[in-house]
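Trainee: Let me give you the structure first, and then I'll get to my questions.
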Amino acid sequence: MRKPWQFEEPLCRDIPGAPEIFIDETSENKPLAKAICARCAHQVECAEYGIKVEVMGVWGGLTTRERSDIAKRHKVQREPLLIMPAVYKRPQRKQVDDE
Ligand code: SF4
């Protein structure tokens with residue numbers, strides 16, 4: 001199973017604000033991430049990977065909750081990543097005193 005960072009030209013690679021908009025599932029980020037994934041040539045493969053491996057973020061247009069529900073419904077044996085690869089950056093929280 002290929003990992004999304006091994007895909008040829010995934011749409012999320014050069015999106016301003018990525019990977020935060022895919023990882024930080026806010027009400028603003030989710031629809032944007034889903035819309036980008038819907039136009040990506042790798043959506044199905046990415047969703048399959050996400051259902052099997054990823055425990056946070058939008059992968060293949062599916063949220064954490066949606067992938068978890070699919071995995072339960074189809075009794076998918078999940079193999080979650082226990083260590084975050086360096087390619088992921090944690091979203092930065094806006095400092096209150098910045099405002
Ligand atoms: S489906 Fe979405 S998360 Fe997966 S590679 Fe494409 S744009 Fe990135």
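None of the figures in this text is laboratory data; all of them are computed from the coordinates on show. No experiment lies behind these values; they were computed from the predicted model shown. Quick reminder, even Gly has a Cβ in these numbers, built from the backbone with ideal geometry, and neighbours come from all protein chains shown.
Trainee: Using label points projected 7 Å from each Cα along Cα→Cβ, tell me how many nm separate Trp5 and Leu32, to one decimal.
Mentor: 2.2
Trainee: Principal axis extents for segment 17-82, Cα atoms only, whole Å, descending order, please.
Mentor: Largest first, segment 17-82 extends 32, 23, 20 Å along its Cα principal axes.
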